[in-house]
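Notes follow the structure.
The values are calculated or read from the model by the stated rules, or taken from the named source; none is laboratory data. Only a predicted model underlies this, so the values are computations on that prediction, with no experimental measurement involved. Don't worry about glycine lacking a Cβ; one is built from the backbone with ideal geometry, like all the others, and counts go over all protein chains shown.
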Amino acid sequence: MEGLNRTREALPPVSRSIHRRTFLTATTAAALAVAATGQARAAGPRVSTAFTLPGERAYPEGIALDPRTGDAYVGSFTTGAVYRAAAGSRTAEVYLPAGTDGRTTANGLKVDGRGRLWVIDSTTGIDVYDLRDRTLLARFEVQDGEQRFLNDLTITADGTAYVTDSVRPLLYRVTPAEVSRARGGRAPLTARYDLSAATPPQPGAAYTLNGIVADPSGRLLFTVDMTGGGLYRVAVADGSVRRVTLHGGDLAHGDGLELTGRTLWAAHNATNTLTRWHLSADGTAARLRRTLTDPALQIPTTLAHHRNGLLVVRSQFDKGGPMGPGTPGTPFTVARVTGL
């Protein structure tokens with residue numbers, strides 16, 4: 001014990017100081033790490049404005065990205081105009097004026113791999129434009145006299161387009177060969193798949209099928225029933241339909257969809273919500289990973305994955321548009337959402 005006491009007494013003061021500084025440094029580092037983690041969690045998804053749209057009654061609905069240039073195209077639900085925001089621009093310009101080619105509304109939009117812009121007119125059909133000179137290449141029109149509301153579309157890797165109908169549980173199809181045959185004129189838009197046996201019946205005025213995406217292979221389609229809250233998988237080869245098992249939530253009020261790999265994003269319009277899901281390898285199940293609800297989304301109708309974030313259409317449909325009376329804030333905008 002006497003030797004031990006001598007050893008303790010022999011420790012110079014500087015050693016105690018070093019130990020104290022080491023302890024304080026470690027404690028401070030741990031505190032900073034905890035604080036940084038807390039700040040990251042607190043930050044979460046962020047909503048900002050990507051670009052503005054011209055016009056006091058634009059009420060945007062659809063958006064499409066040109067994969068070659070990064071330009072964004074946005075359609076007006078109330079006028080049929082199409083706007084273009086060049087990559088990196090904070091302001092969009094009129095690309096196709098209101099009423100172009102007799103169009104009164106512009107719902108879903110897509111740019112295909114051949115540099116063509118597809119624009120849906122909800123009550124008539126689809127217009128296909130050459131992006132180089134804005135020439136109308138072809139128009140596909142629904143032939144029967146039944147009520148319809150063409151809403152959204154997706155284009156698979158082989159150039160085939162699939163279109164949803166929100167008042168009838170149908171998917172329409174346009175193949176590349178049909179586009180070639182219709183060049184410079186019109187052609188019928190015909191239904192390819194009927195989902196009525198798989199989707200639950202809804203009240204007559206209810207909208208059902210809305211957003212639609214295709215998996216990278218082009219063999220599977222996924223479409224949302226915005227009233228029933230379900231997601232449906234359609235096998236292109238045989239038309240078989242299966243309801244996707246959703247874990248952790250549902251897709252009620254689901255509007256536009258976006259799929260990158262096995263990550264699925266959905267815009268829920270009436271609730272100002274975006275969700276992120278992870279699809280199973282076979283597309284028969286999806287698990288909710290994250291939810292963002294924010295009034296700053298202003299009734300989001302659809303979205304597009306862009307770089308490391310999402311471009312989200314702020315429709316303001318509840319302010320003088322199809323979802324309620326009021327006065328919209330202007331200019332209309334497209335949001336950028338990061339961290340989702």
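Values as computed for the structure displayed
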item: Answer residue from segment 278-310, given it is in contact with a Lys or Arg (Cβ under 6 Å, 6 or more places away or on another chain) and of a type outside the set (Lys, Arg) and is surrounded by the fewest Cβ atoms within 10 Å (Cβ to Cβ) among those; result: His278
item: Filtered residue count, segment 217-249, keeping only those that are surrounded by fewer than 16 Cβ atoms within 10 Å (Cβ to Cβ) and acidic (Asp, Glu); result: 1
item: Any hit, segment 249-272, residues being on the phi < 0 side of the Ramachandran plot, among the β-branched types (Val, Ile, Thr) and touching a residue at least 60 places away in the same chain (Cβ under 8 Å); result: no
item: Yes/no for Thr338 being touching a strand residue (DSSP E or B) at 6+ places or on another chain (Cβ under 7 Å), modelled with pLDDT of 95 or more and closer than 21 Å to Asn210 by Cα; result: no
item: Residue match in segment 233-246 (condition: acidic (Asp, Glu) and over 23 Å from Asp158 (Cβ atoms)); result: no
item: Filtered residue count, segment 194-242, keeping only those that are among the charged types (D, E, K, R) and either within 21 Å of the chain's Cα centre (by Cα) or outside the structural domain of Thr154 (by TED's automatic domain parsing) (or both); result: 4
item: Positions within segment 132-167 being without any contact (Cβ under 8 Å) to a residue 40 or more places away in the chain and touching an Asp or Glu at 6+ places or on another chain (Cβ under 7 Å), in sequence order; result: Leu136, Arg148
item: Meets criteria (within 30 Å of Tyr129 (Cα to Cα) and either at pLDDT 95 or above or out of contact with any Phe, Trp or Tyr (no Cβ under 9 Å at 6 or more places or on another chain) (or both)) for Arg242; result: no
item: Selected residue (criterion: surrounded by the most Cβ atoms within 10 Å (Cβ to Cβ)) from residues of segment 311-340 that are out of contact with any Ser or Thr (no Cβ under 6 Å at 6 or more places or on another chain) and of a type in the set (Val, Ile, Thr); result: Val312
item: Residues satisfying the stated conditions in segment 157-171, i.e. buried (at least 20 other Cβ atoms within 10 Å of the Cβ) and under 20 Å from the mean Cα position of the chain (by Cα); result: Thr160, Ala161, Tyr162, Val163, Thr164, Asp165, Ser166, Leu171
item: Filtered residues of segment 211-241 (kept if without any contact (Cβ under 8 Å) to a residue 40 or more places away in the chain, under 18 Å from Arg192 (Cβ atoms) and among the polar types (S, T, N, Q)); result: Ser240
item: In segment 172-210, residue surrounded by the fewest Cβ atoms within 10 Å (Cβ to Cβ) [restricted to those that are in contact (Cβ under 8 Å) with a residue 40 or more places away in the chain and among the aromatic types (Phe, Trp, Tyr)]; result: Tyr207
